[in-house]
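Report on the structure given below.
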Amino acid sequence: MTKIYGHNSTNSHHLYEFICPIVIRWSGKMSFAIDVQHLTKKFHSTLAVDNLTFQVGKGEVFGLLGPNGAGKTTTVRMLCCLIPPTEGSASIGGYDISSIEGSMKARKIIGLVPDNVGLYDTLSAVENLQFYGKMYEAPDQLVNNNIEKYLKMLDLWEKRNQSVGTYSKGMRQKVAVARALIHDPEILIMDEPTANLDPEASRTIRDFIIELKKENRTIMLNTHNLDEAQRICTKIGVLKTHMITVDTPGNLQRSFSGSRISIKLADINAQILQAVKALNLGNIFQDSGTLLIDLADIDKDTPVVVNAISAAGGKIKSVNEVKMSLEEAYFKLVGEE
Ligand SMILES: Nc1ncnc2c1ncn2[C@@H]1O[C@H](COP(=O)(O)OP(=O)(O)OP(=O)(O)O)[C@@H](O)[C@H]1O
Ligand SMILES: [Mg+2]
């Protein structure tokens, strides 16, 4: 498909400007599991995360979506009190992470699945989990119950006594997920939980997250996987150093769907193209005998386009609204930055 006319739209900014004031107005009245205000991280001259403000409600599954280097891991590391922010603040379960006392309390209610799993290879899955249970000072009974519960849910129970050094990547990832839950945290934060996993292992983890969602736990996950985000997240933040937009997967998709029409023509010639370009409505793409046109107001603009094509001698075979996938919406948002 060739782009034959167009300029960069500013849809995403409008959406962000629209959403932000609403979220900020709510924040005074609701208690959020994760409340991030103007969070910023600089590594020397590198601005890794710029002025992030977002909230995650209790029981929500929040997906942070963004390209490589967008600042996802840096954000997670700040929220888990592993690195301090340069500016801004965040509270986790109501605890302010910038105070020593708050960060100690926040750590206890967070379970983290980091981007690097890091387990003790000579220990078995059970021994690893018991060790981390002790680190969290969780009662033995709780730890043992959770070991059984999660290793069974994740299909690792049979191999529980084998040293994790002999485990496959997917199995190690599952142990890391079980480890994050060993102390029954209110908030689970996962940095790309299905990265490098085969489709079956990814699906086990995804189904597992959906099960946790039913337990009303708050979950935040970083991902590149749009399909995953769409299936399991209640809200998605699109990040590229700064937050481009925060919305439900459905709204993100809808915010772009319906803004594009597809017109199939018997023939497309220079006169027809000139007539459509002259309307100055939005991007125009040509895919053999079909024109795809981005419109600001589909109801108002469609008849205008149809009339212009007819007046230029074009024979229209069909006119359809194009439904964009979340993937297309994502690429449009990220590509515009
Ligand atoms: N410890 C560090 N020192 C210097 N720069 C860093 C450090 N950690 C991260 N950065 C920089 O911050 C930016 C954001 O990195 P980050 O790892 O947060 O991105 P990401 O969204 O998690 O990417 P990916 O999808 O590849 O995991 C990058 O430019 C990275 O080089
Ligand atoms: Mg990362």
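What follows draws every value from the coordinates through simple rules; no lab data is involved. These numbers come from a predicted model, not from an experiment. Reconstructed Cβ throughout: ideal geometry from the backbone, glycine too, with neighbour counts over all protein chains shown.
Some notes on this structure:
- In degrees, nearest ten, helix 125-135 long axis to first principal axis of the chain (Cα): 80
- Whole-angstrom gap from the range 132-200 to the range 272-300, using each part's C-alpha centre: 52
- Fraction of antiparallel bridges per DSSP, the chain only, in percent to nearest 5: 65
- Listed residue (L197, T166, S103) projecting farthest to the positive dipole end of the range 11-253, Cβ model: S103
- Total charge dipole magnitude, the range 11-253, about the Cα centre, Cβ charges on Lys, Arg, Asp, Glu only, Debye to nearest 20: 100
- Angle in degrees between helix 169-180 and the longest Cα principal axis of the chain, rounded to the nearest 10: 70
- As a proxy for reagent exposure, ranking D191, D140, D301, D115 by other Cβ atoms within 10 Å from fewest up yields D140, D115, D301, D191.
- Inter-label distance, nm, simple model (7 Å from Cα along the C-beta direction), N280/E327: 3.6
- Restricting the GluC sites (Glu not before Pro) of the range 258-328 to loop positions (DSSP other than H, G, I, E, B) with no more than 16 neighbouring Cβ atoms within 10 Å leaves nothing.
- Given R0 = 22 Å, the distance between the Cβ atoms of D115 and Y136 translates into a calculated FRET efficiency of 0.60.
- Taking all Cα pairs closer than 8 Å and separated by 6 or more residues, the relative contact order of the range 259-321 comes to 52 percent.
- The chain: relative contact order as a whole-number percent, Cα under 8 Å and 6+ apart: 22
- HN-Hα J in Hz across the range 292-308 - Karplus 6.51, -1.76, 1.60, θ = phi - 60°, x for Gly and Pro: 10, 10, 7, 10, 6, 9, 4, 5, 6, 7, 4, x, 5, 5, 4, 4, 5
- Stretch in the chain that is longest and holds no trypsin sites (Lys or Arg not before Pro) that DSSP places in a loop and that have at most 12 other beta carbons within 10 Å: 30-314
- Working note: Karplus 6.51/-1.76/1.60 with θ = phi - 60° gives the range 269-279 the couplings 10, 4, 5, 5, 4, 4, 5, 6, 4, 5, 6 Hz, where Gly and Pro are set to x.
- Close amide H partners of I34, meaning residues 5 or more places away or on another chain with modelled amide H under 5 Å apart, are V56, G93.
- Dipole-positive endmost among S45, S89, P249 within the chain (Cβ charges, Cα centre): P249
- Mean Cα-pair separation over length for the range 37-123, i.e. relative contact order, pairs under 8 Å, 6 or more apart, %: 25
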